[in-house]
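Data first, discussion second: the structure below is written as structure tokens.
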Amino acid sequence: MAKKKYAKWIAGGLGWAFGGPIGGILGFVLGNLYDNQEDIKDFQQSTQQRYGTRSGDFEVSLLILSAQVIKADGKVDPKELDYVRKHFRNMFGEARAERSFKVFKQVVNSSDVSTRQICLQIRSNMEHPSRLQLLHFLFGVAGADGLVSESEVEKIHTMARYLGISEPDYISIRSMFYNDIASDYKVLEIERSAADDQVKKAYRKMAMKYHPDKVQHLGEEVQKGAEEKFKRVQKAYENIKKERGL
């Protein structure tokens, strides 16, 4: 792909991500993708700060946070890289996924940046349902190699706090990656001692919170990715009903 077409792809999908620490990371990436400073200058002159979360803002946020999770345990596992590539292929199609992954590899190789600053920028500009979707994907990345390390869990937990995600919501999403009845209750954010009517209310509440329509403004690709959370809530509810004979 020609470099100017590549720049047009980046510019067309971004809004608020052009500014702040995320914009700084993009500057690093562009510096490695372009042959000379004149190309970078042309790109910068063709872009302006925009407001409102776009699909590209979500995509870039996902790439940067995923890179930090992958590097949290001090090594970059090929399985985790493959997970990112596969997930983006499922979300965005072959061509866009390859462009995204090219940016991702540059981010992985970049110097460490402030997790707090990145997350606070995302928190200030991105609505809550989309931030929950980011968290869900990050746990998928961490578990791609078959083992979620303590350092990865700690990193994601730290990100969740900076992103303004509550502890119950964090536990709910983390529990989606475990297959046992105790985790099913945590997915619904209730105790195992909850009454049957509380279980039903919790299911309705969580189904609404994680409904794919909450992220429809980010495009069909992200909405499809959100279906995984929604289906896990449904599965948790079905497992609990089966356990209770409801």
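The values are calculated or read from the model by the stated rules, or taken from the named source; none is laboratory data. All values reported here derive from a predicted model rather than from experimental measurement. Cβ sites come from the backbone with ideal geometry, for glycine too, and all protein chains shown count toward neighbours.
Things worth noting here:
- Among residues of region 198-218 that are more than 17 Å from Lys231 (Cβ to Cβ), those with a Cβ under 8 angstrom from a residue that is of a type in the set (S, T, N, Q), sequence gap 6+ or separate chain, pair up as His217/Thr53; Leu218/Thr53; Leu218/Ser55; Leu218/Ser130.
- Qualifying position, being in contact with a helix residue (DSSP H, G or I) (Cβ under 9 Å, 6 or more places away or on another chain), at pLDDT 80 or above and either outside the structural domain of Val69 (by TED's automatic domain parsing) or over 28 Å from Ser175 (Cβ atoms) (or both), among Gln121, Gln117: Gln117
- Residues in region 188-246 that are out of contact with any Ser or Thr (no Cβ under 8 Å at 6 or more places or on another chain) and of a type in the set (Gly, Ala, Ser) were compared, and the one that is farthest from Arg174 (Cα to Cα) is Gly245.
- Given (1) assigned to a helix (DSSP H, G or I); (2) surrounded by 15 or more Cβ atoms within 10 Å (Cβ to Cβ), index of the condition Gln216 fails: (2)
- Residues of region 87-129 classified as buried (at least 17 other Cβ atoms within 10 Å of the Cβ) and of a type in the set (Asp, Glu), total: 0
- Gly56 vs. criteria modelled with pLDDT under 80 and either polar (S, T, N, Q) or surrounded by fewer than 20 Cβ atoms within 10 Å (Cβ to Cβ) (or both): no
- Filter pass, Val199 being in a helix (DSSP H, G or I) and within 30 Å of Ala72 (Cα to Cα): no
- Residue match in region 163-185 (condition: surrounded by 14 or more Cβ atoms within 10 Å (Cβ to Cβ), in a helix (DSSP H, G or I) and without any contact (Cβ under 8 Å) to a residue 12 or more places away in the chain): no
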